[in-house]
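The values are calculated or read from the model by the stated rules, or taken from the named source; none is laboratory data. In this text, all values refer to a predicted model and were calculated from it rather than measured experimentally. Neighbour counts run over all protein chains shown; Cβ positions are idealised from the backbone, glycine included.
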Amino acid sequence: MTAALAYREAVARLTAAGLPDAARDARLLMAHALEISADRVMLALHDPLPEAAAMRLEEAVTARLARQPVSQITGQRQFWGRSFRVTRDVLDPRPETETLVAEALAAPFSRILDLGTGSGAILLTLLAERSGATGIATDLSDAALEVARGNAVALGLTDRASFLQGDWFAPISGRFDLIVSNPPYIAADEMAGLSPEVREWEPHLALTPGGDGLDAYRAIAAGARDHLLPQGRLLVEIGPTQGAAVAALFTAAGLAQARILTDLDNRHRVVSAIAPQ
Ligand SMILES: C[S@@+](CC[C@H](N)C(=O)[O-])C[C@H]1O[C@@H](n2cnc3c(N)ncnc32)[C@H](O)[C@@H]1O
């Protein structure tokens, strides 16, 4: 079979299953099957499809038809221009989270704490972008931390990044000039409305703290002042309806200048605050 025919069949099967981005998904799965970059797929479609690649493609399409996210099937996700390994143990890093990264990079920092690091996408991106900085990340999930450590190795950042298992600030001592977090923030009653890709394949621990979705922010607000240097910054990602509630939590915890920032779609996406002098 030629690669072109296999590709067309993959698009047809994914389309018939109602997947909204069938052609894009098929291109990424074909790249994975052929072990080439996605921008070379159209060129490769002129060639016959090797047997091993055909088997890999069949496995990948079957997984996608079961609504497994493409990033978990290929094991990779691009974030801020770098490739991160993604497994079922970590949240697939989202483009929206680049809003928090951009805000973090808008001012100097030298010592970062990333709470709930998942794949390590936020901490490792910030360290890669600021060669003088060091950082610590926590996560409740040992399995997630293994993925983050692997990404630190792949990006050559092990000498500046450390990873500690525990509940938010519990394993942390010392103070930081930048604390970042993209915590779980989906309310319990919103879980049923998520796509199957998210609800059935991404870790529950990464998605929701239960209840009204604000518990992680309560924990972060409670510990922030004891872990920020004077004038240190706290930046958290939020769900689009949570800005006012999270800003109020930070102000009540004694932080100053709580601000709500928007993403490229003009939705509330980040709350920032700073520690008093
Ligand atoms: C929304 S994911 C974000 C992952 C990553 N920072 C990102 O932006 O792609 C939230 C992360 O918080 C972790 N987490 C959940 N509850 C936690 C807790 N009580 N203490 C520390 N980490 C926690 C989850 O395991 C998950 O990795």
If we keep only residues of the stretch 76-128 that are assigned to a loop (DSSP other than H, G, I, E, B), touching a strand residue (DSSP E or B) at 6+ places or on another chain (Cβ under 8 Å) and among the hydrophobic types (A, V, I, L, M, F, W, C), then the residue surrounded by the fewest Cβ atoms within 10 Å (Cβ to Cβ) is Ala107
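Mind telling me which of the residues Ala206, Ala247 ends up being in a helix (DSSP H, G or I) and more than 11 Å from the ligand (Cβ to nearest atom)? Steps first, please.
On the way: Ala206 fails: more than 11 Å from the ligand (Cβ to nearest atom).
Exactly one residue qualifies, and that residue is Ala247.
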In the stretch 228-260, anything surrounded by 18 or more Cβ atoms within 10 Å (Cβ to Cβ) and in contact with a helix residue (DSSP H, G or I) (Cβ under 7 Å, 6 or more places away or on another chain) is listed as Leu234, Leu235, Val236, Glu237, Ile238, Val246, Leu249, Phe250, Ala253, Leu255, Ala258
Taking the stretch 159-203 and keeping residues within 15 Å of Gly116 (Cβ to Cβ), within 18 Å of the chain's Cα centre (by Cα), hydrophobic (A, V, I, L, M, F, W, C) and in a loop (DSSP other than H, G, I, E, B) leaves Trp168, Ile186
If you go through the stretch 13-24 one residue at a time, do you hit one that is outside any helix (DSSP H, G or I), touching a Ser or Thr at 6+ places or on another chain (Cβ under 9 Å) and not acidic (Asp, Glu)? no
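Select, from Ala137, Ala154, the only residue that is modelled with pLDDT of 95 or more, more than 13 Å from Ile112 (Cβ to Cβ) and of a type in the set (Gly, Ala, Ser). Steps first, please.
Values: Ala137 fails: more than 13 Å from Ile112 (Cβ to Cβ).
Sole residue among the options that is modelled with pLDDT of 95 or more, more than 13 Å from Ile112 (Cβ to Cβ) and of a type in the set (Gly, Ala, Ser): Ala154.
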